[in-house]
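First up is the structure itself, then whatever we jot down about it.
Derivation of every value follows stated rules applied to the coordinates shown; laboratory data play no part. The structure presented is a predicted model; accordingly, all values stated were derived computationally and were not measured. Methodologically, a virtual Cβ is constructed for each residue, glycine included, from the backbone with ideal geometry; neighbour enumeration extends over all protein chains shown.
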Amino acid sequence: MAGGATTFIRTTNGATFTASGAALHADHHAIVFAPSNPAVVYEGNDGGIYKSTDTGATWTSINTTGFSATQFQSLAVHPRDRNFSLGGTQDNGTNFYQPNATWIRADFGDGGYALIDQNAYDNTDLTAYHTYFNQQGNIIGFGRVTNMANAQENGWAFFGRGGTANGITNDPVNFYAPMTLGPGNPNTLYFGTNRLYRSTNRGTTMTAVSQQPIVTGANINTIAVSAQDDNVRIVGLNSTTNNVWATSTGAATLTNVSSASFPARQVGRVAIDPNDKNTAYVTFLAYGVAAGQHVWKTTNLSAATPTWTAAGNGIPDVPVDSFVIDPQNSNNLFAGTDIGVFASTDGGANWQSFGTGLPRVAAFDLAIQNN
């Protein structure tokens, strides 16, 4: 999105304010004056960094070649081509990393979750999804293409409230509504509001597969489905108690599988071991949690009352925003936090900082490409 003239205002006398944001990108985060010259102003927003030399009356982008400030919210990888991925970004659209190793923008607006059906055999004839923003009373749903030739602005078909009706109703929902894929051909598709939806036909029709609401006043933050069994599902909520719910039978009423030992924080991610449908992980957001307790693990998810143990030794008191399990070796785990990525090679017993040279920034999504 481009910044509008009313997105930024200035005053030189403390009384009269004038709009001066016509050249700025939307969503502003920081502003600073140069100590050496108060007429020089720097402004940070979702489009990067802009500079003014006339006290904010006019602005120029200083996002030079090599500087990247795009905040990715999600990452989806092709099942066979490691040089093919989609990612949703904050206020900079959904972007496509092409097999020729270049990025292009595949769609406009806010890009939330992105998904690629894992049955794809080539780079053209495949199904991909992404969300824009979601808002009760406005739009709730996702974009879909079944051929990458249509992965461009105005080429995505929108399904849900505000587009082609598919069963998603006017529910309370997160700004970035969570989506995930289950097994099958095509992959089953899941979408979360204050309840869970499921589709077996690429989202053309969505059926509610949970109670509504799961917890009064709470929405789904994250969804995981077993790669071995589509009936095994777990969701994490943005409530601070009773925030993990699951089924191991495909029941349309989810069961509260939360532990009394969980920290009183919102759930960041849930994940099910791709090689063992009874093993699952839950991560938690926010600070003020005992070190090592931002990640929890169960090995008996199908039990009436699963047993959870803290499994984050080595991760400090920092939000864990994303989580992925290596499908080739379930002992290898990766956690994206607000200060970078951590890795475990022993199923969560111990963690270490991962990635030489990776910056200490928030990692909102992680994916493993197997080929």
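Per the Kirkwood formula on distinct C-alpha pairs, the Rh of the stretch 114-201 is how many angstrom? Before the final figure, lay out each step's value.
Details: mean 1/r = 0.0754 Å⁻¹.
Computed over the stretch 114-201, the radius equals 13.3 Å.
Is the shape of the stretch 284-371 best called rounded, prolate or oblate, per the rule: a/c under 1.5 gives rounded, else a/b larger than b/c gives prolate, else oblate, with a ≥ b ≥ c the square roots of the Cα gyration tensor eigenvalues?
Working: a/c = 1.90, a/b = 1.20, b/c = 1.58.
Here the stretch 284-371 falls in the oblate category.
Quick one: Debye curve from the C-alpha atoms of the stretch 82-122, no solvent, what's log10 I(q)/I(0) at q = 0.28, 0.33 Å⁻¹?
One equal scatterer on each Cα of the stretch 82-122 leads to -0.96, -1.09.
What spacing in nm lies between the two simple spin-label points modelled at residue 18 and residue 100, each 7 Å away from Cα in the Cβ direction?
Output for this residue pair reads 4.5 nm.
What translational D, rounded to a whole number of µm²/s, comes out for the stretch 65-172 from Stokes-Einstein when the hydrodynamic radius is the Kirkwood one over Cα pairs, at 4 °C and 1.567 mPa s? Display every interim value, and only then the final one.
Details: Rh = 14.1 Å.
In µm²/s, the coefficient rounds to 92.
I need the peptides 149-159, 164-174 ranked by packing, meaning the mean over residues of other C-beta atoms within 10 angstrom, with the highest value on top. If you can, show how the numbers build up before the last one.
On the way: 149-159: 15.5, 164-174: 18.2.
The most tightly packed comes first, giving 164-174, 149-159.
Mean separation of Cα pairs under 8 Å and 6+ residues apart, divided by the residue count of the stretch 136-291: what relative contact order is that in percent? Display every interim value, and only then the final one.
Numbers: 367 pairs, mean separation 22.5, N = 156.
Computed over the stretch 136-291, the figure is 14 percent.
Which distance in Å, rounded to a whole number, links the C-alpha centroids of the stretch 283-339 and the stretch 36-80?
Taking the Cα centre of the stretch 36-80 as reference, the centre of the stretch 283-339 is 33 Å away.
Roughly what % of DSSP beta bridges within the stretch 253-310 run antiparallel, to the nearest 5?
100
Set the Förster radius R0 to 35 Å, insert the Cβ-Cβ distance between residue 205 and residue 276 as r into 1/(1 + (r/R0)^6), and round the FRET efficiency to 0.05. Before the final figure, lay out each step's value.
Numbers: r = 31 Å, r/R0 = 0.89.
Computed FRET efficiency for residue 205 and residue 276 comes out at 0.65.
I'd like the FRET efficiency for residue 170 and residue 34, computed as 1/(1 + (r/R0)^6) with the beta carbon distance as r and R0 of 56 Å, rounded to 0.05. Before the final figure, lay out each step's value.
Working: r = 48 Å, r/R0 = 0.86.
Step by step, r from the Cβ atoms, then E = 0.70.
What is the Cα coordinate range of the stretch 223-371 on the first, second and third principal axes, sorted by size from largest, in whole angstrom?
45, 39, 22
Only sites in a loop by DSSP and with at most 16 other Cβ atoms within 10 Å count here; which trypsin sites (Lys or Arg not before Pro) in the stretch 30-129 make the cut?
Numbers: sites: 51, 80, 82, 105; in loops: 80, 82.
Loop-located and lightly packed - 80, 82.
In a Gaussian network model over the chain where Cα atoms closer than 10 Å are linked, find which of 285, 358, 301 has the largest mean-square fluctuation.
358
Among 70, 275, 366, whose Cα lies farthest out toward the positive end of the dipole of the chain, if unit charges sit on the beta carbon of Lys, Arg (+1) and Asp, Glu (-1)?
Of the listed residues, the answer is 275.
Determine, for each peptide in 184-197, 243-256, the mean count of other beta carbons within 10 angstrom over its residues, then list the peptides with the highest first. Please list the in-between numbers first.
On the way: 184-197: 22.6, 243-256: 17.4.
Averaged packing, sorted descending, gives the order 184-197, 243-256.
In a shell of Cβ-Cβ distance under 13 Å around residue 275, excluding residue 275 itself, what net charge do Lys and Arg (+1) and Asp and Glu (-1) give? Provide the component values of the computation, followed by the final result.
Values: positive: 277; negative: 229, 273, 276, 326.
That works out to -3.
Under the definition of Cα pairs under 8 Å and six or more residues apart, what whole-number percent is the relative contact order of the chain?
Numbers: 1052 pairs, mean separation 29.4, N = 371.
So the answer I get is 8 percent.
Which FRET efficiency, nearest 0.05, do residue 349 and residue 65 yield, Cβ-Cβ r, R0 41 Å?
Working: r = 44 Å, r/R0 = 1.07.
Efficiency for this residue pair is about 0.40.
Quick one: in the chain, what % of C-alpha pairs are over 40 Å apart?
Numbers: 11663 of 68635 pairs.
Result for the distance tail: 17 percent.
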